[in-house]
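So the structure is just underneath, and the comments pick up after that.
All of the numbers you see were taken from the coordinates with simple rules; none came from a lab. A quick note: this is a predicted structure, and the numbers were derived from the prediction, not measured. Every residue, glycine among them, receives a Cβ derived from its backbone with ideal geometry; neighbour counts consider all protein chains shown.
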Amino acid sequence: MNREHVIEVREVTKKYGTHVAVDALSFEVQRGEIFAFLGPNGAGKTTTMRMILDILKPDQGQIAVLGGALTEEIKDHIGYMPEERGLYRNVPLVDLLGYLGGLKGMSQADARRRAIQLLEQVDLGEYQKKKLTELSKGMAQKVQFISTLLHNPELIIVDEPFSGLDPVNTQTLKDMVIDLSRNGTTVLMSTHQMQQVEEMGHRLLMIDHGRRVLYGPVDEVRSRFAENAVVVEGEGDWAALPGVKSVDVDEFGREYTLHLKDGVTSDDMMQALAASPVHKVRSFALAVPSLTDIFIQVAGRNGNNHG
């Protein structure tokens, strides 16, 4: 076990009857990173996370978490937020969180103190005596998130943490996830919100039909799918530039995508623009696709028809 690998999954397979949910899957999650776990519905993400947490047993392969097999002691160093939320709904929040902290080995005093601190951090301090039944869905989701990191776990596994949240609350949880990572906590995050992955993720894994189809640093994965084109803002006859094969303009008429001829590089285009007396350039960047575009392309290429 590499000590920098908080999770190691090696050739793991899980079947339900004749259906192969996870198919010889291998990957590692490194210490302190935000690791995005992606895939269409039904791709095998939840099954994989449940195997990592020892809720399900793999049919084949090995999984190591925090240095080895998942013992009860190691479980105390993990926080898990499932997609199917579930907390006691008729208990005051501070009592609920104090109880959950106690299950993870915290003293009641420490758990309640930490709970109040976290409730204040997500703007729920004034609700500490309220019950979940008295809160909105977004507030309840923030409480669920707090319960996941109450005991200062080394590893947090969260399934769709931002679904259903408004932009303000999404930003609050994003900031907390980023702070956790900066302080050494490892975050495995399953999500369909690709923009969040682009903004937060260090590395990603995309699976489809239980198999690995994309894996690596987020920026590298996006660069891998980049076409030979640049995006510019400014004024000029872009099609007249040497080396430009065709030009597309965005719906607002502000950004121009210059598709380059074979053998022409972005450096060549930058030099041509710098030498041109009739072109004014306000911005210049490689044409790198969004993760949403890549997700659609890869899932489609794999004949995805999940429900």
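For a straight C-alpha distance cut-off of 16 angstrom, the lysines reachable from Lys142 (same-chain residues fewer than eight places away being disregarded) are Lys129, Lys130, Lys131, Lys174.
Place a +1 charge on the Cβ of each Lys and Arg in the stretch 31-114 and a -1 charge on the Cβ of each Asp and Glu, then give the dipole magnitude about the Cα centre in debye, rounded to the nearest 20.
Values: 11 positive and 10 negative charges, 50 e Å.
The calculated dipole for the stretch 31-114 is roughly 240 debye.
Using only Cα atoms and rounding to the nearest 10 degrees, what angle (0 to 90) does helix 108-121 make with the longest principal axis of the chain? Compared with the principal axis, the helix lies near 30 degrees.
Taking the Cα centre as origin and putting +1 on Lys and Arg beta-carbons and -1 on Asp and Glu beta-carbons, what dipole magnitude results for the stretch 211-278, to the nearest 20 debye? Please report the intermediate quantities before stating the final value.
Numbers: 7 positive and 13 negative charges, 94 e Å.
Roughly 460 debye, rounded to the nearest 20.
Kindly express, to the nearest 10 degrees and within the range 0 to 90, the angle between helix 266-275's C-alpha long axis and the longest C-alpha principal axis of the chain. Roughly 50 degrees between the two axes.
Determine the relative contact order of the chain: mean sequence separation of Cα pairs under 8 Å and six or more apart, normalised by residue count, in whole percent. Intermediate results must be reported in sequence, preceding the final value.
On the way: 546 pairs, mean separation 63.1, N = 307.
Across the chain, relative contact order equals 21 percent.
A Cβ-based charge dipole, computed about the Cα centre of the stretch 85-151 with Lys and Arg at +1 and Asp and Glu at -1, lands at about 180 debye.
What is the stretch 86-153's relative contact order, in percent, from Cα pairs under 8 angstrom and six or more apart in sequence?
On the way: 72 pairs, mean separation 29.0, N = 68.
Answer for the stretch 86-153 is 43 percent.
Of the residues Ala24, Gly125, Trp238, the one whose Cα sits farthest toward the positive end of the charge dipole of the chain, with +1 on the Cβ of Lys and Arg and -1 on the Cβ of Asp and Glu, is Gly125.
Phi angles across the stretch 65-81 convert, under the Karplus curve 6.51 cos²θ - 1.76 cosθ + 1.60 with θ = phi - 60°, into 3J(HN,Hα) values of 10, 6, x, x, 5, 7, 9, 4, 5, 5, 4, 5, 9, 10, x, 10, 10 Hz, Gly and Pro given as x. Ignoring lysines fewer than eight residues from Lys57 along the same chain, the ones with Cα atoms less than 22 angstrom from its Cα are Lys14, Lys15, Lys45, Lys75. Helix 291-301 and the longest principal axis of the C-alpha atoms of the chain enclose an angle of approximately 90°.
The amide H of Thr191, built 1.01 Å from its N in the peptide plane, has Phe37, Glu160 as neighbours under 5 Å, considering only residues 5 or more places off or on other chains.
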